[in-house]
1. Any idea which of 68, 105, 6 is touching a residue at least 12 places away in the same chain (Cβ under 8 Å), in contact with a Gly (Cβ under 8 Å, 6 or more places away or on another chain) and closer than 21 Å to residue 216 by Cα?
2. Could you tell me how many of the residues in region 52-93 are in a loop (DSSP other than H, G, I, E, B) and of a type in the set (A, V, I, L, M)?
3. Can we say residue 251 is within 19 Å of the chain's Cα centre (by Cα), of a type in the set (Ser, Thr, Tyr) and assigned to a helix (DSSP H, G or I)?
4. Which residues, counting only those in region 129-170, are touching a helix residue (DSSP H, G or I) at 6+ places or on another chain (Cβ under 6 Å), hydroxyl-bearing (Ser, Thr, Tyr) and more than 20 Å from residue 114 (Cβ to Cβ)?
5. For residues in region 122-163 being of a type in the set (S, T, N, Q) and in contact (Cβ under 8 Å) with a residue 24 or more places away in the chain, which is nearest to residue 176 (Cα to Cα)?
6. If we scan region 147-170, do we find a residue that is surrounded by 15 or more Cβ atoms within 10 Å (Cβ to Cβ), among the small types (Gly, Ala, Ser) and not in a helix (DSSP H, G or I)?
7. Can you tell me how many residues in region 103-134 are under 30 Å from residue 8 (Cα atoms), modelled with pLDDT under 95 and outside any loop (DSSP other than H, G, I, E, B)?
8. Hey, any hits in region 227-236 for a residue that's closer than 14 Å to residue 68 by Cα, without any contact (Cβ under 8 Å) to a residue 60 or more places away in the chain and not in a loop (DSSP other than H, G, I, E, B)?
Amino acid sequence: MTLPVVAVVGPTGAGKSDLGVELALRLDGEVVNADALQFYRGMDIGTAKLPPGERQGIEHHLLDVLDVTEEASVAAYQQDARRVIDGIRERGRVPILVGGSGLYVRAALDRLEFPPTDAGVRARLEAELSADGSTAFRERLRAVDPASAERIDDDRRLVRALEVHEVSGRPFSAYMPRREYHQPAVQIGLAVDRDVLRERLAGRVRAMVGAGLAEEVRRLAASGLRDGRTASRALGYGQFLRVLDGSMSETDAVEDTVAATRRFARRQLTWFRGDPRVAWLDWRAPHLAEAAAGLVRRSAGPILER
């Protein structure tokens, strides 16, 4: 039998990182990061990256693997995460995926195929879109992929769908993910009290500012943060870049970050609540880690009787 991947999911601020470490201690596991912003070196305070001293000796993978000028890629992450997970299993240990970036979690866990890209084809299609207009382009897509034509409502994705069809010969809709695990997996979601979480997130942002978020952004700006398409738009970082530029006050940056973080947490909850395979546990339950470990052991059967 194959050791399952254990995934700890849920909204930001729910305590996923701490639970991941506790599960690794109980199940003889190693943690694999599934937070797209914790890939970045130096983005520590604003991403709530668990400091090495709080990892209790547990090996953490896929943290600090990108410079802020690099763009995160779900397709590249899928390859890296599966390679790391296979390595953990080969050592006889339990891979524990931790993070709230929903698409990255699915890329690691599910049968998810990424459509091909071709920059030249895309550039030509973008020029044709400018010349012909959205209506004509939607009709072109409808002729080869009616399902995508009905669903897509913006020009960028119209171009992408036609690019995929031209490059692969398959409709864009054929690449839609299915909720089917690539390998055995157990997902544990942290169920939150939304009102409590709202206040917790506000306090968390203010604590990040007190811990030196502005200085972290200033240091990363000198390393090219503004040039990073992914990193520069991260919660808190985009706001404090504007503080550096003089276009936003620090007070407004804090309030804007709090509001954006709360919206992000709601989107995360919607995403994970939509997956019926997630087993939910109260984020503040007594003995949460032991309850989670017991859930994994029951799901995995004799292979995890250790």
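The values are calculated or read from the model by the stated rules, or taken from the named source; none is laboratory data. Source: prediction; values computed, not measured. Ideal geometry is used to build each Cβ from the backbone, glycine not excepted, and the neighbour counts take in all protein chains shown.
1. Answer to the selection: 68.
2. We begin by selecting, within region 52-93, every residue in a loop (DSSP other than H, G, I, E, B); these are 55-59, 62-65, 67-73, 91-93.
Next, only the ones that are of a type in the set (A, V, I, L, M) stay: 58, 62-63, 65, 68, 72.
Total meeting the criteria: 6.
3. no
4. Listed by number, the list holds a single entry, 134.
5. Out of the qualifying residues, it is 148.
6. Within region 147-170 (the criterion being surrounded by 15 or more Cβ atoms within 10 Å (Cβ to Cβ), among the small types (Gly, Ala, Ser) and not in a helix (DSSP H, G or I)), the answer is no, since none of the residues qualifies.
7. 1
8. yes
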